[in-house]
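The values are calculated or read from the model by the stated rules, or taken from the named source; none is laboratory data. The structure displayed is predicted, hence computed values, not measured ones. Please note: Cβ atoms are built from the backbone with ideal geometry, for glycine as well, and neighbour counts cover all protein chains shown. Surface accessibility is based on the protein's heavy atoms, side chains included, excluding ligands, DNA and RNA. Shrake-Rupley method; radii C 1.70, N 1.55, O 1.52, S 1.80 Å.
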Amino acid sequence: EAETIKRPSHMDDTVSADDAVKYAASNSIQVPRTPFVLWKINDRQTKNNTYNLTTYAMSLNDKPAELVPYLCPTDSRFRPDQRAMETGEYELADTEKSRLENKQRATRRRREQGELKAWKPRWFTKEFDNDSNESYWRFNDAYWTEREHAAQLQKEAGATQPASVDVWDDVENIF
């Protein structure tokens, strides 16, 4: 077992490059001269994992029950086509994807015809980066303010289901 060398107390206030080099050298580990494992993949969940996704990748689309009432109804975790694909219901996924695409096209046509107000991003603000001379979208924190407001309304109503578009201000039913 390697000996741990205590960091000199004077390094609490200031550290010179010389101190850092001496400390690092005295605390270095000995690397084995024979092959050894640096990294090993975790076992993957195989149930409901058609695409052999990592646990992390699968967790990105997870909807813990206690979080559901507080998610925006437009959260991609509510996409019916995506959920059907994840559970192996491919025909349903295809049908849902077509339905969503048709709904999006119809909404776009209604906006173009002036039946709906023009769409404007709420959670991001377009800004310009002087260093790169490129525009980019900066998160503006409005999402968290709106989510807190919607969560309060959900709590008051004792809701355990996903919030409806009525609870969130100016959010459309996109699914």
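Give the residue that is least open to solvent (accessible area, probe 1.4 Å), with candidates limited to residues of the range 105-123 that are of a type in the set (G, A, S) and under 29 Å from the mean Cα position of the chain (by Cα). So the residue we want is A106.
So which helices (runs of 4 or more DSSP H) are wholly in the range 40-144 and hold at least 2 residues that are touching a residue at least 40 places away in the same chain (Cβ under 8 Å)?
Once the helices (runs of 4 or more DSSP H) in the range 40-144 are filtered for at least 2 residues that are touching a residue at least 40 places away in the same chain (Cβ under 8 Å), what remains is 90-112.
Before we move on, is N173 open to solvent by 80 Å² or more (accessible area, probe 1.4 Å) and touching a residue at least 60 places away in the same chain (Cβ under 8 Å)? Answer is yes for this residue. Checking each residue in the range 27-49 for being open to solvent by less than 80 Å² (accessible area, probe 1.4 Å) and modelled with pLDDT under 70 picks out N27, S28, N49.
For P69, the stated conditions hold: it is open to solvent by less than 40 Å² (accessible area, probe 1.4 Å) and of a type outside the set (A, V, I, L, M).
Select, from T95, T74, T54, the only residue that is of a type in the set (V, I, T) and either open to solvent by 60 Å² or more (accessible area, probe 1.4 Å) or over 18 Å from the mean Cα position of the chain (by Cα) (or both).
Values: T74 fails: either open to solvent by 60 Å² or more (accessible area, probe 1.4 Å) or over 18 Å from the mean Cα position of the chain (by Cα) (or both); T54 fails: either open to solvent by 60 Å² or more (accessible area, probe 1.4 Å) or over 18 Å from the mean Cα position of the chain (by Cα) (or both).
Only one candidate qualifies: T95.
Tell me, which residue of the range 145-166 that is free of Cβ contacts under 8 Å to residues at least 40 places away in the same chain and closer than 18 Å to W123 by Cβ is most open to solvent (accessible area, probe 1.4 Å)? So the residue we want is E148.
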